[in-house]
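Have a look at the structure below, then the notes.
Every number here is computed from the coordinates shown, using simple stated rules; none is lab data. Because the structure is predicted, anything quoted here is derived from the model rather than measured. Neighbour counts are summed over all protein chains in view; Cβ atoms, including those assigned to glycine, are modelled from backbone coordinates with ideal geometry.
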Amino acid sequence: MRTASARTTADNLGEEAVEYYRRNGFVRVPRVLAPDEVREFHDAAIALSKRTESLHKGAIFTQLVNAWREDEVLRRLTLHPNLASIAERLAGVPLRLWHDQTLIKQPHNQRPTEFHQDQPYWPHADSPSSLSAWVALCDVPVERGCMTFIPGSFRRTELRAQNLADPRSLFEVCPDLEWDERVTLPLRAGDCTFHHSRTAHMANANVTDEPRVAHVVIYMDATTRYTGQPHVVTDPLDLKAGQVLEGEMFPRLPA
Ligand SMILES: O=C(O)CCC(=O)C(=O)O
């Protein structure tokens, strides 16, 4: 058991963590949630996965998008002021919620999430600082599917979308990234990694007997405009290309 110590907040997060994030495009932040919160959010994520259909239909993960709209407990996690305050300190600009997703890798799922950048999937213009908080709701050692990042890859802003089901996709789009350093970050329950939306990342397969339960809160620059590109979050909304993504679906955070 890990000994209890203080939660990390935006106020006590060291300046070296902020500098590390700005240099590399990701950072590990321990203890963003208290242990009793982790248990409550973990159980809510598992319960939601039993009553909701996964958006992803393959074996990579069970993907529950905009869980905060479906479940009051997960809503508190997605809108969590501590997560949002740390995200804002790292990004250094005002943020909004873009969306969340609960991602569960089932026991022995056999499939990694392959290297990709997030931003090319999104219908976003004017969002240079968007980032994700990937929160571990259980212990996530390497064997359960923690994240691996390529430092500095967020500077590759020109790349077309990569396929997270194809292990060669990122390296076909950008061959030189194949030879860059990779950093793998196991997490204890309640820890978090933050990654910039252009940071190339992957997650291992879960080869353990327990599900890997992660909840990802995705923040965008408060000024982000809609491009009209198809996306599951924006398709049902009556939006016009060029408008700022704002309103109740995209609240300012921290509130
Ligand atoms: O958790 C995973 O398997 C992948 C997560 C991911 O790609 C993301 O949060 O952007």
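Using the Cα gyration tensor of the range 47-145, with a ≥ b ≥ c the square roots of its eigenvalues, what is the shape: rounded (a/c below 1.5), prolate (a/b larger than b/c) or oblate (neither)?
prolate
Please go through the range 44-117 and write out the GluC sites (Glu not before Pro) that DSSP classes as loop and that have at most 16 other C-beta atoms within 10 Å.
Of the GluC sites (Glu not before Pro), the ones in loops of the range 44-117 whose Cβ has at most 16 other Cβ atoms within 10 Å are 53, 70.
Just to be sure I understand: with springs between alpha-carbon atoms less than 10 Å apart, which residue in 211, 230, 81 has the highest mean-square fluctuation in the Gaussian network model of the chain?
Of the options given, 230 has the highest mean-square fluctuation.
Kirkwood Rh over alpha-carbon pairs of the chain, then Stokes-Einstein at 10 °C and 1.306 mPa s: what D in µm² s⁻¹, rounded to an integer?
For the chosen part, D equals 87 µm²/s.
Would you mind pulling out the separation of the Cα centroids of the range 66-92 and the range 168-247, in Å?
Cα centroid to Cα centroid, the span is 15 Å.
Of the candidates 148, 227, 199, which one comes out as most mobile in a Gaussian network treatment of the chain with C-alpha springs shorter than 10 Å?
With Cα springs under 10 Å in the chain, the top fluctuation among 148, 227, 199 is at 227.
Using the 10 angstrom Cβ neighbour count as an exposure proxy, how do 201, 42 rank, fewest first?
So the residues, fewest neighbours to most, are 42, 201.
Would you work out the relative contact order for the chain, in percent, from Cα pairs under 8 angstrom that are 6 or more residues apart?
30
Near residue 105, which aspartates and glutamates are there with a Cα under 16 Å away, not counting those fewer than 8 places off in the same chain?
Once the sequence-local aspartates and glutamates are set aside, what remains near residue 105 is 43, 53, 114, 139, 143, 209, 210.
Please find, in a Gaussian network model of the chain (springs between Cα atoms separated by less than 10 Å), the residue of 179, 98, 122 whose mean-square fluctuation is greatest.
179
Show me, for the range 28-43, the HN-Hα J-couplings you get by feeding each phi into the Karplus relation (A = 6.51, B = -1.76, C = 1.60, θ = phi - 60°), rounded to Hz, glycine and proline as x.
9, 10, x, 6, 7, 10, 7, x, 5, 5, 4, 4, 5, 5, 4, 5
Charges only on Cβ, +1 for Lys and Arg, -1 for Asp and Glu: so what's the dipole of the range 159-203 about the Cα centre, in debye to the nearest 20?
Approximately 180 debye in magnitude.
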